[in-house]
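The values are calculated or read from the model by the stated rules, or taken from the named source; none is laboratory data. Every value quoted in this text rests on a predicted model; they were computed, and no experiment measured them. Using ideal geometry, Cβ is built from the backbone for each residue, glycine included, and neighbour counts are taken over all protein chains shown.
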Amino acid sequence: MQVVIGSGSVGSAVALRVAESGDEVRVVTRGGGGPEHPRVTRIKADAADAAALARIAKGATVIYNCANPQYFEWPTAWPPLAGAMLRAAEASDAVLAIIGNLYGYGPVDRPMTEDTPLAARTVKGRVRVKMWQDVLASGVRALEVRSSDWIGPQNSLLAQALPAMRAGRTAWLPASVDVPHTYTYTDDAARTLVELAPQAKAWGKAWHTPSVAPMTARELLTRAASIAGLGAPRLRSYPKVMVQGAALFDKFAKEFLEVRYQHVRPFIMDSSRVTAEFGLTATPLDDSLRAALQGS
């Protein structure tokens, strides 16, 4: 039996992959959500409740951390949530497999590898660094799979721009649309997490999800528009001063402002190590965009 915390795009994909491999899955969320499958049991619970999660995860071989608190909740929501998952993994002697991101590296001027120092300057980045340090210090068998911004139907650049693109209007975005950026397909992150979780040589390390070659937001959305049969997208960037103004009253804008550095300069992730070590490669761009468009 395996346990998945969270039922977003990645958590649901992880649950389905594990279920389709023949194992039983328990998906834990506050709302009791998750994919429908005969081997998936959806459990409504607060995963930050360490005692409750330990009971749910008793006997689990893998616990997948696919949770995603709201940006503004990270400093308060992540410590008890991550701590509960860590204690549940200790109690069950389960592998803890974590979906991570690149915030812990902080501003960089070169492609990020798994050896890039964790030099976060932001609140959110430091939260993620502390989570990983706590895991390493615990002695639990664990790994973290880090991804860049999503190619997916939710919480992605595509999801943000698509309504305007479909309506033939200008899509306004909070950062540059013409700097190279790595984008990661959500299902590639799920596949990497599931395939690495049982492999001892993956434990105790972070890995980068195999991702397609870096491209600009304009290139990504132009390709998506072509696949969707839409006209070339009209894209504009909000000036920084407008994002700063919005941050005075909008929680998301305030949190985005802290990580805006990732979108105004090249932000490139090197995922060659996971390909060399495990043979995993990224889904072709057009295939990932078609899947994302179908789910949008």
Report the residue count in segment 111-145 for those that are over 22 Å from Gly11 (Cβ atoms) and assigned to a loop (DSSP other than H, G, I, E, B).
12
Which number in (1) over 18 Å from the mean Cα position of the chain (by Cα); (2) crowded, with 17+ Cβ neighbours inside 10 Å; (3) over 23 Å from Ala15 (Cα atoms) marks the one condition that Phe267 misses?
(1)
For segment 221-271, which residues satisfy the criterion of being within 14 Å of Leu158 (Cα to Cα) and among the β-branched types (Val, Ile, Thr)?
Thr222, Ile227
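Quick one: which strands (runs of 3 or more DSSP E) sit completely within segment 146-203 and have at least 3 residues that are hydrophobic (A, V, I, L, M, F, W, C)?
Numbers: elements: 149-151, 171-173, 183-185.
By residue number, 171-173.
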So Arg55 ticks every box in (1) farther than 28 Å from Ser148 by Cα; (2) touching a residue at least 40 places away in the same chain (Cβ under 8 Å); (3) among the basic types (Lys, Arg) but one. Which box is left unticked?
(2)
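Only one residue in Gly8, Gly59, Gly32 is farther than 20 Å from Leu193 by Cα and out of contact with any Phe, Trp or Tyr (no Cβ under 8 Å at 6 or more places or on another chain). Which one?
Working: Gly8 fails: farther than 20 Å from Leu193 by Cα; Gly59 fails: farther than 20 Å from Leu193 by Cα.
Only one candidate passes the filter, namely Gly32.
Any chance you could count how many residues in segment 204-238 are assigned to a strand (DSSP E or B), among the hydrophobic types (A, V, I, L, M, F, W, C) and within 22 Å of Asp188 (Cα to Cα)?
Here is the first cut: in segment 204-238, the residues assigned to a strand (DSSP E or B) are 205-208, 215, 235-237.
So of that shortlist, the ones also among the hydrophobic types (A, V, I, L, M, F, W, C) come out as 206-207, 215, 235.
Next cut, within 22 Å of Asp188 (Cα to Cα) only: 206-207, 215.
Of the residues in segment 204-238, 3 are assigned to a strand (DSSP E or B), among the hydrophobic types (A, V, I, L, M, F, W, C) and within 22 Å of Asp188 (Cα to Cα).
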Within segment 275-289, which residues are surrounded by fewer than 15 Cβ atoms within 10 Å (Cβ to Cβ) and either in contact (Cβ under 8 Å) with a residue 24 or more places away in the chain or in contact with a Phe, Trp or Tyr (Cβ under 8 Å, 6 or more places away or on another chain) (or both)?
Thr275, Glu277, Thr281, Pro284, Asp286
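Here is a yes/no grid of residues against (1) touching a strand residue (DSSP E or B) at 6+ places or on another chain (Cβ under 6 Å); (2) aromatic (Phe, Trp, Tyr); (3) closer than 23 Å to Lys130 by Cβ:
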residue	(1), (2), (3)
Arg17	no, no, no
Val27	yes, no, no
Pro69	no, no, yes
Glu73	no, no, yes
Ala84	no, no, yes
Arg87	no, no, yes
Ala94	yes, no, yes
Asp109	no, no, no
Met112	yes, no, yes
Just checking, which of Val28, Val108 is at pLDDT below 95, crowded, with 16+ Cβ neighbours inside 10 Å and touching a Leu at 6+ places or on another chain (Cβ under 9 Å)?
Val108
Can you confirm whether segment 138-148 contains a residue that is among the hydrophobic types (A, V, I, L, M, F, W, C), farther than 18 Å from Trp207 by Cβ and in contact with a Lys or Arg (Cβ under 8 Å, 6 or more places away or on another chain)?
no
When (1) surrounded by 20 or more Cβ atoms within 10 Å (Cβ to Cβ); (2) within 17 Å of Gly279 (Cα to Cα) are applied to Leu162, the one that fails is (2)
Would you please list the contacts, defined by Cβ atoms under 6 Å and residues six or more apart or on different chains, that run from a residue in segment 260-274 that is under 22 Å from Ser237 (Cβ atoms) and assigned to a loop (DSSP other than H, G, I, E, B) to a residue that is among the polar types (S, T, N, Q) and modelled with pLDDT under 95?
Val264/Ser176
Using beta carbons and a limit of 7 Å, which pairs, at least six apart or on different chains, have the first residue in segment 236-252 and more than 18 Å from His263 (Cα to Cα) and the second one at pLDDT 85 or above?
Lys251/Phe72
Are any residues in segment 49-82 surrounded by 15 or more Cβ atoms within 10 Å (Cβ to Cβ), under 30 Å from Leu248 (Cβ atoms) and of a type outside the set (Ser, Thr, Tyr), and if so, which ones?
Ala67, Asn68, Pro69, Trp74, Ala77, Trp78, Pro79, Leu81
